[in-house]
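First up is the structure itself, then whatever we jot down about it.
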Amino acid sequence: GAGVSQSPRYKVAKRGQDVALRCDPISGHVSLFWYQQALGQGPEFLTYFQNEAQLDKSGLPSDRFFAERPEGSVSTLKIQRTQQEDSAVYLCASSRPSYSTDTQYFGPGTRLTVL
Amino acid sequence: SQQGEEDPQALSIQEGENATMNCSYKTSINNLQWYRQNSGRGLVHLILIRSNEREKHSGRLRVTLDTSKKSSSLLITASRAADTASYFCATGLYNFNKFYFGSGTKLNVKP
């Protein structure tokens, strides 16, 4: 079946621009996660949704980062006024159960480069 | 930090050899998972081991968990060039809706 998809796969933005990254989770998966992965590092948690409810946003690095999942399916991660330190791969993952610490299925990621 | 940390950071072996990588963590966990990431790709789930389990197998993979030492190991037997990738452990904590990833072990299997 279809896995987690993300778009765009690559995004180049000029410093100060706003960007929106999309995640399509596996159909029927309740939980959705966003991670940020810097070069040579492991993924760092950003935020977690259970259906449309954002239950944990403790990993969002600043108020320039905003995520939503209005209908409990597709999610968008928005970064306002991008900075060079925002350059990273942004990974989305989904999980079937409502308890979140179970197997997460990852998308291919969006590589964001801020010039 | 509550992250799992993998050891070694890099490992280079010949095809056919076994590869062992370790993960240490700091706090009590609900479960621990291992993921593989090929260059430029997303993470692929390999195996999940729960805190009340000590060992799990999946094909050529063997994972052990020692909660008293707060450590886990991933063994890949009879390695293949296609196993070349970065391997991450991720710890899931009780009552926390997130996983903590280490910085990974970069495995290179030479043909």
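Just report the Cα centroid separation between segment B:1-70 and segment A:24-94, whole Å. Cα centroid of segment B:1-70 versus Cα centroid of segment A:24-94: 24 Å apart. Near A:ASP56: Cβ cut-off under 15 Å, other residues only, Lys/Arg at +1 and Asp/Glu at -1. The net charge is 0.
Near B:ALA78: Cβ cut-off under 15 Å, other residues only, Lys/Arg at +1 and Asp/Glu at -1. The net charge is +1. The Cα-based radius of gyration and maximum Cα-Cα distance (Dmax) for chain B are 13.3, 44 Å.
What is the log10 of I(q)/I(0) for the protein assembly as shown, computed with the Debye formula using one identical point scatterer on each Cα and no solvent, at q = 0.13, 0.15, 0.16 Å⁻¹? The Debye formula, applied to the Cα set alone, gives -0.75, -0.98, -1.10.
Computed from the mean reciprocal separation of all distinct C-alpha pairs, what Kirkwood hydrodynamic radius does segment B:52-111 have, in Å?
Details: mean 1/r = 0.0754 Å⁻¹.
For segment B:52-111, the Kirkwood estimate is 13.3 Å.
Radius of gyration over Kirkwood radius for segment A:1-72, both on Cα atoms: the Rg/Rh ratio is 0.96.
Over the whole of A:60-72, what's the average partner chain Cβ count within 10 Å per residue? Rounded to a whole number, please. Intermediate results must be reported in sequence, preceding the final value.
Working: counts 0, 0, 0, 0, 0, 0, 0, 0, 0, 0, 0, 0, 0.
The shielding value for this peptide is 0.
Quick one: net charge around A:SER73, please, counting Lys, Arg +1 and Asp, Glu -1 for every other residue with C-beta under 9 Å from its C-beta.
Details: positive: A:ARG69; negative: A:ASP24, A:GLU52, A:GLU71.
Local net charge: -2.
Pairs from the list A:LYS11/B:LYS106; A:LYS57/B:LYS98; B:LYS26/B:LYS98 with a Cα-Cα gap above 21 Å: A:LYS11/B:LYS106.
Readers should treat all values here as calculations from the given coordinates under stated rules, not as data from a laboratory. Quick caveat: nothing in here was measured; it's all calculated off a predicted structure. So basically every Cβ, Gly included, is an ideal-geometry build from the backbone, and we count neighbours across all protein chains shown.
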